[in-house]
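J.: Below is the structure I would like to discuss, written out as structure tokens.
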Amino acid sequence: MFKVEDLKFKYPNNKEDVIRGINFEIKEGEIFGFLGPSGAGKSTTQKILIKILEDFRGKISYNGIDITEYGNEFYEEIGVSFEMPIHFSKMTCMENINFFLQLYKNNADCEALLKRVGLWEDRDKMVGEFSKGMKIRLNIVRALLNEPKMLFLDEPTNGLDPTNAMILKDMIKEFRKDGGTVFITSHIMSDIDQLCDRVAFIVEGQIKEIDTPRNLKIRYGNRTLKLEYKEDGKSVLKEFPMDDIGKNDEFLTLLQTKEVETIHSGETTLEDIFIKVTGVSLKDESE
Amino acid sequence: MNLNRLWVLVKGELSRLNKYNVTSISILIAIMWSIILFFVDEVALASLLPLILMLDATLMSVMYIGSVMFFEKSESTISTMLVTPSTSSELVLSKVLANTIHNIFSSALIIIAFFFIKHVEFNWFLIFLGIFAATAFHTIAGLYLAYFQKNFTGMLVNIMILAFVLLIPTALYEIGILTADFWKYLLLINPIQAAAEVIGGAFTGYVFTYVYYISLGYMIIGGLLVYRLLVLPKFHDYAIKQSGV
Ligand SMILES: Nc1ncnc2c1ncn2[C@@H]1O[C@H](COP(=O)(O)OP(=O)(O)O)[C@@H](O)[C@H]1O
Ligand SMILES: [Mg+2]
């Protein structure tokens, strides 16, 4: 759907490029995760893709056509949620929605959307009185107003409580199920780990790795099996390599002779892999 | 340009002017002016009424559009507008139209009050034309000036300075303190003076000379040129800067 080739970008008041030659493709119907620490260039990339930042170098095409050739009809097909929730604070939730609705040809069922994110009851409240979480949820509704084919979500889970983050992720999955394509950024790996069909790791304006989370885990994960068992009244933990586990005598003997407490396969998290691939830790970025 | 969408945007701007209390403020100011004018005598009224209408169409227009741009900046809503199908020209034109309509409305309040209370005589067509031309020009100019303002207080100070430089000679000329021909020619390039002429033309006793026509042309053609050559081309850059990008 989107194809990005050798994209470079420099802010007018900066000396150096913040995006330094990236290549990737967003395929129709997938959730594409753009992961990296703060300042990596995630928001900048999103703003370039949605034609807000214009002076980029490289080539970006949407459905095979250079994005610079699209006029404003481009926005009929895409929905955008910025990093900061943005609304008219002295208008009610519904007034905000109705205003934006009128700007589009396609109109989604807003009542259903608002009910889904739990804002229907608050639709006549001033948005200025909304909590941060409510504003974020309204932001998502706003992005979906025009029944877009493609969604851009910049750190949508940032600032949401676990319940609402879950609702949001379900909505994103449903959006994909109905044929939608999603570009989503996050600096918290675990947040969208299970959501994305493919992820790109971006650090300092460069993409270090792109693949499905599953492949990444296979490629970078150390596949081990952790066995916890009782011995002389104490718990003992042993780790075994996953390969040829069925022929591992020590493991099989333990299974047959000891009282097993837990067995876990050693799933490596995306976050571990991110650190392995990029050498950059995300932990200190989490807040 | 999609006229349907333009209309939606104009309505949106107008309803926000109302929601953000700009409308109440302008009605309040109109009432205040009306009260002041109510207590002056016939002779003073004849020169004060055009002066106040001129102030309303010029400095107040610059101030209102400036405030609107700052409200918008403080909410970063412009970035959301940029990702809707609305084009830059629709976004800019809707602001110019909404603010012009809005400010004409407050001028109309003053005019109507005086038409009924003091039975002041004027030409309805010319007063509308004059106020429209002056308000539209100053709204457009104010929009352009707003592009360069860093903060709200700074903007107010700059408007004060502008007012001082432009208004004092015009006011002195209007009241009759500056009489030399030299001023008459110099003031031709002063937009506030031009506004005074096009509004003054609606009142009985105004002597039409080339000055009136030059002023009217200045407001209308000048407004179009500033819009087309300065305001519109710079809007996208301005909008992106405002949106924190
Ligand atoms: N308007 C701007 N002007 C100059 N530099 C900017 C601007 N916005 C962002 N940057 C810089 O560009 C880099 C990437 O920023 P951004 O895309 O916001 O990162 P991320 O979204 O991954 O946290 C950062 O170093 C940031 O400081
Ligand atoms: Mg960001």
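J.: Taking 22 Å as R0, compute the FRET efficiency from the Cβ-Cβ separation of B:Phe208 and B:Lys118 and round it to 0.05. Before the final figure, lay out the partial values.
T.: Working: r = 24 Å, r/R0 = 1.09.
Given R0 = 22 Å and the Cβ-Cβ separation, E is 0.35.
J.: What is the gain in length, in nm to one decimal, between A:Ser131 and A:Glu259 on full extension, counting 0.36 nm per residue of separation less the C-alpha to C-alpha distance? Mind showing how you got there, number by number?
T.: Details: separation 128, 0.36 × 128 = 46.08 nm, distance 5.09 nm.
Gain on stretching A:Ser131 to A:Glu259: 41.0 nm.
J.: Determine the shape class of the range A:217-286: with a ≥ b ≥ c the square roots of the Cα gyration tensor eigenvalues, call it rounded for a/c under 1.5, and otherwise prolate if a/b is greater than b/c, oblate otherwise. Please report the intermediate quantities before stating the final value.
T.: On the way: a/c = 4.41, a/b = 1.97, b/c = 2.24.
Oblate.
J.: Do you know the relative contact order of chain B, to the nearest whole percent, from alpha carbon pairs under 8 angstrom that are 6+ apart? Write out the running numbers ahead of the final one.
T.: On the way: 256 pairs, mean separation 72.7, N = 245.
Averaging sequence separation for qualifying contacts and normalising by length gives 30 percent for chain B.
J.: If a/c stays under 1.5 just call it rounded; otherwise compare a/b with b/c (prolate if a/b is bigger, oblate if not). Do that for the range A:86-178, with a ≥ b ≥ c from the square roots of the Cα gyration tensor eigenvalues. Write down the numbers at each step before the final one.
T.: Details: a/c = 1.67, a/b = 1.09, b/c = 1.54.
The shape class here is oblate.
J.: Translational diffusion coefficient of the range B:1-76 at 10 °C, 1.306 mPa s, Stokes-Einstein with Kirkwood Rh over Cα pairs, in µm²/s as a whole number.
T.: Details: Rh = 14.5 Å.
Reported coefficient: 109 µm²/s.
J.: Return the subset of B:Lys95/B:Lys150; A:Lys125/B:Lys150; A:Lys8/B:Lys241; A:Lys149/B:Lys11; A:Lys149/B:Lys19 for which the Cα-Cα distance in this structure is over 23 Å, preserving the input order.
T.: Working: B:Lys95/B:Lys150 20 Å; A:Lys125/B:Lys150 32 Å; A:Lys8/B:Lys241 20 Å; A:Lys149/B:Lys11 28 Å; A:Lys149/B:Lys19 33 Å.
Pairs exceeding the cut-off: A:Lys125/B:Lys150; A:Lys149/B:Lys11; A:Lys149/B:Lys19.
J.: Could I ask something else about it? Just check the range A:57-101 against the gyration tensor rule for me: Cα atoms, a ≥ b ≥ c as the square roots of the eigenvalues, rounded for a/c under 1.5, and otherwise prolate or oblate depending on whether a/b exceeds b/c.
T.: Values: a/c = 3.98, a/b = 2.35, b/c = 1.69.
In terms of gyration-tensor shape, prolate.
J.: At each listed q (0.09, 0.15 Å⁻¹), what is the log10 of I(q)/I(0) that the Debye formula gives for chain A modelled as equal alpha-carbon point scatterers?
T.: Here the Debye-derived log intensity ratios amount to -0.53, -1.14.
J.: May I ask you to derive the FRET efficiency for A:Val277 and A:Arg223 from their Cβ-Cβ distance with R0 = 22 Å, giving the value to the nearest 0.05?
T.: Values: r = 17 Å, r/R0 = 0.78.
Calculated transfer efficiency: 0.80.
J.: 222 nm [θ] for the protein assembly as shown, helices only, -39500 (n - 2.57) per DSSP H run of 4+, per residue, to 500? Mind dumping the intermediate values first?
T.: On the way: 21 runs with 276 residues, N = 532.
Estimated from H runs of four or more residues: -16500 deg cm²/dmol.
J.: Report the residue, chosen from B:Tyr218, B:Tyr64, B:Tyr206, that carries the largest GNM mean-square fluctuation when chain B is represented by alpha-carbon nodes joined by springs under 10 Å.
T.: For chain B, modelled as a Gaussian network with Cα springs under 10 Å, the answer is B:Tyr206.
J.: Hey, how much of the P(r) for chain B falls beyond 24 Å, as a percent of Cα pairs? Each step should come with its number before you reach the end.
T.: On the way: 13773 of 29890 pairs.
Counting pairs separated by more than 24 Å, the tail of P(r) holds 46 percent.
J.: If you build a Gaussian network model of chain A, linking Cα atoms that sit under 10 Å apart, which residue out of A:Ile26, A:Ile184, A:Ile52 swings the most?
T.: A:Ile52
J.: Using a Förster radius of 30 Å, what is the FRET efficiency between A:Glu267 and A:Ser38 based on their Cβ-Cβ separation? Nearest 0.05, please. Write out the running numbers ahead of the final one.
T.: Working: r = 26 Å, r/R0 = 0.87.
Computed FRET efficiency for A:Glu267 and A:Ser38: 0.70.
J.: Follow-up question, since we're still on this one. Using the Cα centre as the reference, give the magnitude of the dipole from point charges on the C-beta atoms of chain A (Lys, Arg: +1; Asp, Glu: -1; all else neutral), rounded to the nearest 20 debye. Intermediate values should be presented prior to the final figure.
T.: Details: 40 positive and 51 negative charges, 72 e Å.
The dipole magnitude comes to about 340 debye.
J.: In the range A:1-44, which residues have a backbone nitrogen under 16 Å from the label point lying 7 Å from A:Lys59's Cα in the Cα-to-Cβ direction?
T.: A:1-8, A:21-26
J.: Under a crude label model (7 Å from the Cα following the beta-carbon direction), how far is A:Glu111 from A:Glu239 in nanometres?
T.: In this crude label model, A:Glu111 to A:Glu239 measures out at 5.6 nm.
J.: I'm checking a number: the convex hull volume of the Cα atoms of the range B:120-189, normalised per residue, in Å³. What is it? Display every interim value, and only then the final one.
T.: On the way: hull volume 9.3 nm³, N = 70.
Here the figure is 133 Å³ per residue.
J.: If you take the charge dipole of the range B:3-243 about its Cα centre, with +1 on Lys and Arg Cβ and -1 on Asp and Glu Cβ, which of B:Phe152, B:Ile111, B:His236 is farthest toward its positive end?
T.: It is B:His236.
J.: If you don't mind, there's one more thing I want to ask. Please give the charge dipole size of the protein assembly as shown, origin at the Cα centre, charges +1 on K and R Cβ atoms and -1 on D and E Cβ atoms. Round to the nearest 20 debye.
T.: For the protein assembly as shown, the charge dipole is close to 760 debye.
J.: Grab the alpha carbons of the protein assembly as shown, take their convex hull, and tell me the volume per residue in Å³. Intermediate values should be presented prior to the final figure.
T.: Numbers: hull volume 101.0 nm³, N = 532.
Dividing the Cα hull volume of the protein assembly as shown by its residues yields 190 Å³.
J.: Would you work out which of B:His138, A:Ser186, B:Leu45 lies farthest towards the positive end of the dipole of the protein assembly as shown, given +1 charges on the beta-carbon of Lys and Arg and -1 on that of Asp and Glu, about the Cα centre?
T.: B:Leu45
J.: Then there is this: When the label point is put 7 Å from the Cα of B:Phe148 along its Cα-to-beta-carbon vector, which residues of the range B:49-63 have a backbone N closer than 16 Å?
T.: Residues passing the 16 Å test: B:62-63.
J.: Given charges of +1 on the Cβ of Lys and Arg and -1 on the Cβ of Asp and Glu, with all other atoms neutral, how large is the dipole of the range A:217-286 about its Cα centre, in debye to the nearest 20?
T.: Value, rounded to 20: 160 debye.
J.: Here is a further query. For B:Leu225 paired with A:Glu28, estimate the spin-label separation in nm (one decimal), with each label point 7 Å from Cα along the Cα-to-Cβ line.
T.: 5.2
J.: On to the next question. Rank B:Ile175, B:Ile110, B:Ile101 by mean-square fluctuation in a GNM of chain B with C-alpha springs under 10 angstrom and give only the top-ranked residue.
T.: Evaluated over chain B, the most mobile residue of the options is B:Ile175.
Every number here is computed from the coordinates shown, using simple stated rules; none is lab data. This is a predicted model, so every value here is computed, not measured. Reconstructed Cβ throughout: ideal geometry from the backbone, glycine too, with neighbour counts over all protein chains shown.
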